[in-house]
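The values are calculated or read from the model by the stated rules, or taken from the named source; none is laboratory data. In this text the structure is predicted, and so the values were computed from the model without any measurement. Positions of Cβ are backbone-derived with ideal geometry, glycine not excepted, and every protein chain shown enters the neighbour counts. Side chains included, ligands, DNA and RNA excluded: accessible areas come from the protein's heavy atoms. Shrake-Rupley method; radii C 1.70, N 1.55, O 1.52, S 1.80 Å.
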Amino acid sequence: MREANVPGMAVALTSRTGLLRVSTYGFADITARSPVTPETLFEIGSISKSFTCIALLQQREAGKFDPHAPLTRYLPWFHVNSKFPAPITAHYLMSHTAGIPRDRDDIPTSRYQAAALRERETAFPPGAHFVYSNVGYQVLGYLVEELTGQTYADYIRTHILDPLGMTATQPVITHETRKRLAVGYERFYDDRPSHPSQPLVPATWFEYGAGDGSIATTPAELAAYLRMLLNRGQSLTGRIVSEESFNLMTQRVIKAGEDAFYGYGLRLSESDGHTIISHGGGMVGYQAMLVGDLDAGLGAVVFINGPGNSGRVAEFALKVLRAALYNQDLPSLPPTESPTRVENAADYAGTYTAGEKTITLVAEGTRLLLVHNGERIALERRGKDRFYVHHPDFNLFLLRFGRKGEAVVEAFHGPDWYVNARYAGPTNFDYPKEWQAYPGHYRTAHPWFSNFRIVLRKGALWLIHPEGGEQAVVPLGEGVFRVGNEDYSPERLRFDTIINDQALRANLSGCNYYRTLTR
């Protein structure tokens with residue numbers, strides 16, 4: 001919490017048979033100095049997806065739903081443009097393999113979010129790739145309503161929450177819910193990589209009721225839900241889902257990362273020969289993580305109402321529980337390592353030039369220093385060959401480095417491309433003249449992904465996320481670009497309204513962003 005300036009946190013530990021511990025830390029409201037308590041509600045974001053899957057599997061058990069039937073059997077209005085013959089089914093949506101975009105959060109929570117998919121097109125045959133999609137689970141939430149004749153919130157309450165005794169949990173986030181929620185916090189700046197020195201501000205508030213992330217709960221009550229999962233669908237009052245349905249939830253439908261698979265609303269991985277189920281959740285101002293060991297029958301849930309790493313805490317908590325169960329020495333706390341420690345600092349040392357611009361980097365042991373206007377600024381590692389420069393002249397972008405073999409030969413900072421004496425490649429690049437209109441800073445009104453920057457660098461366009469991530473912008477023809485190097489990426493980008501040689505609008509997967517005054 002100290003490292004990341006976390007405002008408040010709640011942790012619940014459980015076994016298969018009962019709650020072991022609830023611990024709370026910090027503040028639910030910084031201004032009022034109100035502490036987090038065991039009764040404090042937190043939004044759990046995408047952990048809600050497994051609730052949606054359970055609701056649908058309950059309908060399967062009732063003979064009303066087949067996850068492999070075309071979705072249009074149940075939702076005749078559902079449509080996505082596709083050049084592939086296989087129809088989209090709930091199975092593909094539940095496993096994030098339908099090939100549809102990730103989000104459409106410029107639209108308030110409503111069926112229009114799902115209906116707007118008719119404006120999009122699939123990027124690959126259903127089932128071919130794992131591409132996480134929140135809007136797919138919004139469709140599934142409305143499918144629950146079509147199948148049951150109840151609102152999503154009413155069905156989740158009567159068929160999951162009430163049987164599990166989750167009486168404090170809210171299945172939909174409304175203004176009334178807000179009275180019991182921890183205040184969610186975000187960094188003051190939303191347009192640049194975050195840093196613990198940045199102050200926190202209350203996050204944008206909004207109601208939410210879709211099937212991809214509408215639940216708010218307490219640590220003990222989410223632990224009760226996790227206990228049901230550790231018991232493979234069985235609760236103290238009876239079965240929530242059958243053994244067969246639980247097996248469907250935890251099937252390894254598709255690889256979803258280096259060492260993980262995705263089933264229905266749950267990730268699956270292995271740890272020391274044990275099967276681990278997990279899912280994270282993020283809402284604006286909130287983070288959550290659920291992780292359970294199906295073999296040891298142990299689990300942890302962690303909530304944070306601001307910046308931090310809930311997954312890291314939950315995974316460590318589970319290691320502690322397993323060590324205690326098997327009478328092993330408890331694991332040591334993860335080391336607190338200074339972000340300015342760079343073991344291979346000498347790799348990056350040298351002078352780099354970009355036209356008339358020059359930057360100089362100096363290695364001093366395990367520190368990498370940028371010499372700038374008489375100052376020596378210690379760089380902070382943010383991943384492989386990526387660094388944060390804690391200085392106002394550099395804090396809009398991460399400083400990234402490129403290699404030729406093992407040698408560092410170039411550096412990137414936003415639109416600037418620097419090379420050192422080891423660089424031996426081309427220095428001039430051809431690109432369509434109209435691309436010069438696209439670089440800039442674009443914004444929209446919704447709080448999830450409020451802004452991005454487009455830069456033109458080495459003859460190619462790049463989309464830079466506020467936190468520093470970069471994605472290639474690849475031309476597909478007729479003014480359409482794919483976002484991401486993967487040919488199966490469903491995200492599309494278009495530019496329009498060219499005035500004074502500048503595009504004033506960019507459309508990212510159906511959401512309009514507008515050029516803003518800041519660079």
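A few comments on the model shown:
- The criterion of at least 3 residues that are touching a residue at least 40 places away in the same chain (Cβ under 8 Å) is met by the following helices (runs of 4 or more DSSP H) wholly inside the range 163-263: 219-230, 243-249.
- Test result for residue 420, more than 14 Å from residue 457 (Cα to Cα), at pLDDT 95 or above and polar (S, T, N, Q): yes
- Qualifying residue in the range 206-218 (condition: open to solvent by 50 Å² or more (accessible area, probe 1.4 Å) and either of a type outside the set (Phe, Trp, Tyr) or at pLDDT 95 or above (or both)): yes
- Checking residue 79 against (1) under 24 Å from the mean Cα position of the chain (by Cα); (2) without any contact (Cβ under 8 Å) to a residue 40 or more places away in the chain, the condition it does not meet: (1)
- Pairs with Cβ under 9 Å, 6+ apart, first in the range 381-397 and under 21 Å from residue 454 (Cβ atoms) and touching a residue at least 60 places away in the same chain (Cβ under 8 Å), second open to solvent by 20 Å² or more (accessible area, probe 1.4 Å) and of a type in the set (A, V, I, L, M, F, W, C): 397/412
- Scope the range 31-65; condition of a type outside the set (Gly, Ala, Ser), over 25 Å from the mean Cα position of the chain (by Cα) and closer than 26 Å to residue 175 by Cα; matching residues: 31, 33, 35, 37, 38, 39
- The set of residues in the range 1-39 being among the polar types (S, T, N, Q) and closer than 30 Å to residue 339 by Cβ consists of 5, 23, 24, 31.
- All positions within the range 1-30 that are polar (S, T, N, Q), open to solvent by 10 Å² or more (accessible area, probe 1.4 Å) and farther than 15 Å from residue 168 by Cβ: 5, 15, 17, 23
- Only residues that are among the polar types (S, T, N, Q) and surrounded by fewer than 20 Cβ atoms within 10 Å (Cβ to Cβ) were counted in the range 462-489, giving 2.
- Strands (runs of 3 or more DSSP E) contained entirely in the range 283-391, each with at least 3 residues that are open to solvent by 30 Å² or more (accessible area, probe 1.4 Å): 357-364, 367-372, 375-381
- Within the range 72-86, one or more residues are open to solvent by 20 Å² or more (accessible area, probe 1.4 Å), in a loop (DSSP other than H, G, I, E, B) and of a type in the set (A, V, I, L, M).
- The set of residues in the range 431-483 that are among the polar types (S, T, N, Q) and outside any strand (DSSP E or B) comprises 436, 444, 450.
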